[in-house]
Every structure is written in structure tokens, then in C-alpha cells.
1. Apply 1/(1 + (r/R0)^6) to the Cβ-Cβ distance of Ser140 and Glu232, taking R0 = 30 Å, and write down the FRET efficiency to the nearest 0.05.
2. What order do you get for 23-32, 219-228, 101-110, 150-159 when each peptide is scored by the mean count of other beta carbon atoms within 10 Å, highest first?
3. What's the magnitude of the charge dipole for region 1-76 around its Cα centre, counting Lys and Arg as +1 and Asp and Glu as -1 at the beta-carbon? Answer in Debye, nearest 20.
4. Which of the three applies to region 157-202, rounded, prolate or oblate, going by the alpha-carbon gyration tensor with a ≥ b ≥ c and a/c under 1.5 meaning rounded?
5. Could you tell me, in Å, what Rg and Dmax come out for the Cα atoms of region 60-201?
6. Shape verdict for region 133-215, please, from the Cα gyration tensor: rounded (a/c under 1.5), prolate (a/b greater than b/c) or oblate.
7. What per residue convex hull volume, in Å³, do the alpha-carbon atoms of the chain yield?
8. Using C-alpha positions alone, give me the convex hull volume of region 1-55 per residue in cubic angstrom.
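Since every read-out is calculated from the coordinates, none of them should be taken as a lab result. Bear in mind that the values here come from a model prediction, so they are computed numbers and not experimental data. Cβ placement follows ideal geometry from the backbone for every residue including glycine, while neighbour counts extend to all protein chains displayed.
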Amino acid sequence: MHYVFILGTAGSGKSTLTAAFKDWLNQHDVYAISVNLDPGVAWLPYGPEVDARDYISFEKVMKEAGLGPNGALIACTDLLVNYVREIKEEIKSFNPDYVLVDTPGQVELFAFRETGPRIISVLRGERTSLLFLIDAMYASKPSLFASSLLLSASIFYRFQVPQLNVLSKIDLLSSAEREKIDRWLDDPHSLYGSVLAEKTEPYTLFTESVCDLLINLEAVIDTVFISSTTGEGLDNLYAQLQRMLAGGEDYVTY
Ligand SMILES: Nc1nc2c(ncn2[C@@H]2O[C@H](COP(=O)(O)OP(=O)(O)OP(=O)(O)O)[C@@H](O)[C@H]2O)c(=O)[nH]1
Ligand SMILES: [Mg+2]
């Protein structure tokens, strides 16, 4: 069983990718199931085989604890830890090849509180990887793209599991924009140059040492480009995940 945890900032395309990649895998004779870990979500673009909402009622928590939507979401995510063993048993009963785990909207809620790492440490199988989604629109400005890569690094250091960056929604990019992002990823110095060329005051703090950090990061986290809408790049995503699977927990991509 290969567990793939899908993380990313709000609206980056996590649920849409879960739906599209599950379909893609099943069409290619890889048995994949989806797990929804967001107790507060009203609608999903896929039918989750395993669903946090079967264990926790967002409305009930909101009402009984007298919380607003944000407070209730924090409380629900914290409560989820109590059910993680049941969720794991439910997942195992399907005996799938791939388990795609869609995580709650706000990445910081899952990543920076205690619950996310605890949930991953209990749920994780013999093979576990993490996808960090970066919305293609975040690549519209070099400084914003650099910040997104730094957030990805932060997620990597927090969870310490093999990670791939996924640039999502690439159908919204022109081929010239894709090539520019490719250059930035190939050579963070060119990203550095582009950030400096923005000539906006706060970004002068983007220094050579940040650049070095991105170069080191590039050595351990690959980036794949995908569109869940057109299906472009899903074959490459699968190939990269299989490479990570072959490399196991010691996987690095030098
Ligand atoms: N053009 C385009 N739009 C996409 C793609 N993937 C997702 N979207 C759109 O982006 C929006 C957010 O997608 P979701 O899949 O709900 O994103 P999410 O990360 O699960 O969102 P939260 O769970 O609310 O944080 C929706 O309107 C999707 O239709 C894509 O590949 N291309
Ligand atoms: Mg979602």
C-alpha cells in the first residue's frame, strides 16, 4: 500500500487532484482509494471510500462548543486524532495499491498543529509520500513563487517524508510561462535574478543564502507539473511516485 498525502494552500487543487488521480490510477489498473480528512467540507469532487465526516460532525462541534467555522475546524481536526486508528482499519479493509489522502483546506491547520504529523505517523504505510501543491497562479510573480518553495521546504522539514512539489492548474499557463518556471526550478539563481528584477522594496531581502537554500531543496524535492482538468502530467506524477516508492524512505533525487 502506498500512502500519498496531498497538502497545499487553500484552493490549490487538492480535492480536484484526488479525484482526477484516483480516476487515472484506476483506469491504469492500479487500485486506488480516496480518503477525505476534512471534517468541514460540504462537497467533494470524488466519492471518498473513507471519510472523516463519518466520524466527526462539523455542525455538531460548532453548535455544542459554541464555535465559529474557523474554531470548529481546528477543534474537528484535533478531534480526528481520536479516530485515526479506526480510519486506518477502514483503509486496510479495502487493501488498495494507492491511498490518496486529501487534507483540510488550510495547510497550516494540518501541518503546524500537533494533529497533522500525528495523523500521518499513525496512518502511514510501509510506503508514504507527500505531495505539496503549488497553485500555478503563485508562479505569476517570482517572489511569490520563491515564497511558495520556502513553504514547501517548511512542510518537508515538518513531516520528514519523501515529498514532491506539484505545480497544479498548468492549463492556466502559457507555454512561455511554463518554460520560465522550468528555468527557475532548474537554476534558482535565475529565480533570484527574476526576484531582483521585480525591484520591489521588501524583496531585496531575497539573498544569495535564500538562493542556496532553494538549491539544496531542489536536490531533495522534485517538482512535477499537472492539470487535474485536462489530465496533463498525471502520468509523470505516477512515474515520479513510483520512483520514490522504489527508493523507499531514503529517497532523495540527486
Ligand atoms: N483550471 C484549473 N482549475 C482547477 C484545477 N484543479 C482545481 N481547479 C479549481 O480550483 C478550485 C479549487 O480546487 P479544489 O480542488 O477544491 O482545491 P482544494 O485545495 O481542495 O481547496 P480547499 O480544500 O478548499 O483548500 C476549484 O474551483 C477547481 O475547479 C486545474 O487543474 N485547472
Ligand atoms: Mg479540498
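1. On the way: r = 19 Å, r/R0 = 0.63.
In this case the efficiency is close to 0.95.
2. Working: 23-32: 14.9, 219-228: 19.3, 101-110: 21.9, 150-159: 17.7.
Per-residue Cβ counts within 10 Å, averaged per peptide and sorted highest first, yield 101-110, 219-228, 150-159, 23-32.
3. Values: 5 positive and 8 negative charges, 42 e Å.
For this selection, approximately 200 debye.
4. Numbers: a/c = 2.07, a/b = 1.23, b/c = 1.68.
Taking the square roots of the gyration eigenvalues as a ≥ b ≥ c, region 157-202 is oblate.
5. Reported Rg and Dmax, both Å: 18.7, 56.
6. On the way: a/c = 1.75, a/b = 1.05, b/c = 1.66.
It comes out oblate by the Cα gyration axes.
7. Working: hull volume 32.5 nm³, N = 254.
Residue-normalised Cα hull volume stands at 128 Å³.
8. Working: hull volume 4.8 nm³, N = 55.
Cα convex hull per residue, to the nearest whole number: 87 Å³.
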